[in-house]
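**Q** Dropping the structure in here first, questions after.
The values are calculated or read from the model by the stated rules, or taken from the named source; none is laboratory data. The shown structure was predicted, so the numbers you read here are calculated from the model rather than taken from an experiment. Here Cβ is always computed from backbone atoms with ideal geometry, including for glycine, and neighbour counts include all displayed protein chains. When the accessible area is computed, the model is the full protein with side chains, heavy atoms only, and any ligands, DNA or RNA have been set aside. Shrake-Rupley method; radii C 1.70, N 1.55, O 1.52, S 1.80 Å.
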Amino acid sequence: TSSAEVKENRNVGNLEDHPIASTDRARGGTTSSKRKRPLEEGNNGHFCKLQLIWKKVSWSVTPKNALVQLHELKPGLQYKMVSQTGPVHAPVFAVAVEVNGLTFEGTGPTKKKAKMRAAELALKSFVQFPNACQAHFAMGNCISPSTDFTSDQADFPDTLFKEFEPSTHSEDFSVYNPVNNELLSTAYRHGRLLCHTLDLMGHGRPGRPRAAKAESEKNPVVLLNELRSGLRYVCLSETVEKQHIKSFVMAVRVDGRTFEGSGRSKKLAKGQAAQAALQALFNIRLPSHIPSRSKCHHLPQDFADSVYQMVAQKFQELTDNFTSMHARHKTLAGIVMTKGLDIRQAQVIVLSSGTKCINGEYINDQGLAVNDCHAEIVARRAFVHFLYSQLELHLSKRREDWERSIFVRLKEGGYRLRENILFHLYVSTSPCGDARLNSPYEITTDLNSSKHIVRKYRGHLRTKIESGEGTIPVRCHNAAQTWDGVLLGEQLITMSCTDKIARWNILGLQGALLSSFIEPMYLHSIIVGSLCHTGHLSRVMSQRIEDIGPLPASYRRNQLLLSGVSHAGARQPGKSPGFSVNWMEGSSELEVINASTGKRSCGSPSRLCKHMFFTRWAKLHGKLSTRVPSHGEMPSVYSEAKLVAQTYQSVKQQLFKAFQKAGLGTWVKKPPEQDQFLLT
């Protein structure tokens, strides 16, 4: 709107007495002239009057804030001052309002902002629309005079359109019927000419594009900016795929939540992120928008919260209401088994805690020490212990025992999991490695100084620090460590939990030994308590190795369901304890492992060490060899027993090559001597 038009619109008392410049006429009108002339009935007078009215409406009507919209929907609400906290120079006010029997409380640096926030929360509880106009429409109150017409989709009475429809189509507007002034003034008072007047004027030209886009045609970034202005988009990653095609991942933080999207350009990636925010926060789905290819699948929130509560309650029970000295932990993990997603039949089968690895001087060549005592890794080893127990149950001579087993026999030999049995891993904090490195708070920090370093190693394989916490990118090209080098003081390298979970998503949780008996077993979901960024977690768990190629039968690239928890427990202050605990279904108490030595505090080996698993595997092999002669002679060396599962070993090498091909580094192996022990 030009400055001349603004002055016209502000003077609403005498519209007809003001001259109008011919340049202000509609496109397609008569030839312009430099002199001004008054409005006349025979000179497109009706069109000029209507044009002036439209200008006034478009100037005077402004978008309505949450307070106004809530008042239109629920007039007469009472806002109450709840509290005032904080120092005098930076107070924090809390204001509450009761709507539909529920109380909504907003906070802010001023009473006005706190009141506005309370209104926004109240609106969100029962209006899943960006403005009051759409809310009225959904409630069947389309003709209400209090409707918000700032939306492009404002509803118009059919009679209003009929009054302005031309008798014939023409290139100008001189054939329009006379205006019904009473109807026009009524429509004007209600603001019904804001967005559709130009469409009305252009009726004589069927091919003319609309002057205003419908809500569904808006770019998601534009629409989100209208609802939450001042948002900042951050580029999380920029990768070059095959044939030099770039791929970007953009993220935006809205109302305390992080949303991200990917695309071939930053613009497309921003659109994906904005669409994710619109759908999650405002229930707006733009039909023309293409869903994100990298969108991760989420577990239902109530189910995820139930899994977390079950794990926490079981740990509370095992530690005498957290009074035991071994209740202290930095990271807690657990695996819950369900039938489908029925939480009523859920069962906690594994619990563990821990954040440290074995010191290199205590590495054991008889398989009697646990190398990695991080909670997620110990939980997986405890799960393997559980699988051995279930296989032994199935091989029992008692019918009631093998009916309780989670395994069923395959006709061609071997065993598989019963139908509809699912496993869910809960971890109290994001797994160490790349998943934790790129957590949501990165978006709110200044990345100018470190973004190039961070992005260089984004998605890279990482290793844990011996006798400490944290991870570093894999730098060495040699995939194997040496026994004498570690004993002489070289740091023992252990792959990060993020990378190990990514490995489980291809190879399964059962490991090499059990793969000679059972089909691969995968996690159905991961629930993370804190420092959770599900979008990035999804990428590092599965999307880093999209080009792994075709896999043998029964193996797959597992797509995990991911979720955080609504109310995670507070992290315990202080240093991480030097021990790790484990428990599995069927055991009566926790086992405590010294993380530095990899053994129990008394010096005896853990029930989760390699030697114990090899012993149980040998017993199963002896029983199964009598039933299935193809199992052959039992290997006496642990490393040879692992090679029995040839398909598992080939898929493992395929995985390592996929990491290297993607430029993510080389998987570092432990010294081979630690697996060259005999069964005693």
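**Q** Residue-wise, which Karplus ³J(HN,Hα) couplings in Hz belong to region 110-121, taking 6.51 cos²θ - 1.76 cosθ + 1.60, θ = phi - 60°, and x for glycine or proline?
**A** Using θ = phi - 60°, the values come out as 10, 5, 5, 5, 5, 5, 5, 5, 4, 5, 4, 5 Hz.
**Q** Modelling each spin label as a point 7 Å along the Cα-to-Cβ direction, I'd like the residue 412/residue 229 distance in nm, to one decimal.
**A** Spacing of the two 7 Å Cα→Cβ label points: 6.5 nm.
**Q** For residue 373, enumerate residues with amide H under 5 Å from its amide H, sequence gap 5+ or separate chain, H modeled in the peptide plane.
**A** Amide H to amide H, under 5 Å and 5 or more residues apart or across chains, residue 373 pairs with 356, 357, 358.
**Q** Something else: Taking a 1.4 Å probe, which of 620, 590 shows the most accessible area, and what order do the others take after it? All intermediate terms of the calculation are to be shown ahead of the outcome.
**A** Details: 620 5, 590 35 Å².
If we order 620, 590 from most to least accessible, we get 590, 620.
**Q** Sorting check: for 301-307, 267-273, 399-405, which peptide has the highest mean count of neighbouring beta carbons within 10 Å, and how do the rest follow?
**A** 267-273, 301-307, 399-405
**Q** Could you give the length gained by full extension between residue 566 and residue 653, i.e. 0.36 nm per residue of separation minus their alpha carbon distance, to one decimal place?
**A** On the way: separation 87, 0.36 × 87 = 31.32 nm, distance 3.90 nm.
27.4 nm is the gain from fully extending residue 566 to residue 653.
**Q** Around residue 518, which amide H atoms from residues at least 5 apart in sequence, or from another chain, sit under 5 Å from its own amide H, with H modelled in the peptide plane?
**A** 415
**Q** Show 567, 298 ordered by accessible area, largest first, where the area counts protein heavy atoms only and the probe is 1.4 Å.
**A** Result of the area sort, largest leading: 567, 298.
**Q** Which stretch or stretches of region 651-680 have amide N atoms under 16 Å from the point lying 7 Å from residue 484's Cα along the Cα→Cβ direction?
**A** Zone members listed by number: 671-674.
**Q** For region 545-562, in order, what is each residue's ³J(HN,Hα) by Karplus, 6.51 cos²θ - 1.76 cosθ + 1.60 with θ = phi - 60°, in whole Hz (x at glycine and Pro)?
**A** 3J(HN,Hα) across region 545-562, in whole Hz: 10, 5, 9, 5, x, x, 10, x, 4, 6, 9, 7, 8, 5, 9, 6, 8, 10.
**Q** Hey, what do the phi angles of region 225-233 turn into as Karplus ³J(HN,Hα) couplings, whole Hz, using 6.51/-1.76/1.60 and θ = phi - 60°, x for Gly and Pro?
**A** 5, 5, 7, 9, 6, x, 6, 10, 9
**Q** Next up: Taking a ≥ b ≥ c as the square roots of the eigenvalues of the Cα gyration tensor of region 77-119, is the shape rounded (a/c under 1.5), prolate (a/b larger than b/c) or oblate?
**A** prolate
**Q** Provide the FRET efficiency to the nearest 0.05 for the residue 640-residue 246 pair, computing r from the beta carbons and using R0 = 41 Å.
**A** Once the sixth-power term is evaluated, E becomes 0.30.
**Q** Right, another one. Tell me which residues come under 5 Å, amide H to amide H, from residue 99 once H is placed; ignore anything under 5 positions away on its chain.
**A** Residues meeting the amide H criterion: 104.
**Q** Could you check the simple spin-label distance between residue 343 and residue 669, using points 7 Å along Cα→Cβ, in nm with one decimal?
**A** Output for this residue pair reads 4.4 nm.
**Q** Would you check the accessible area of residue 416, probe 1.4 Å, heavy atoms only, in square angstrom rounded to 10?
**A** Rounded to the nearest 10, that gives 70 Å².
**Q** So how far apart, in nm, are the two label points at residue 68 and residue 361 if each is 7 Å from Cα heading toward Cβ?
**A** 7.4
**Q** Could you give the dipole magnitude of region 77-119 about its Cα centre, charging the beta-carbon of Lys and Arg +1 and that of Asp and Glu -1, in debye to the nearest 20?
**A** 180
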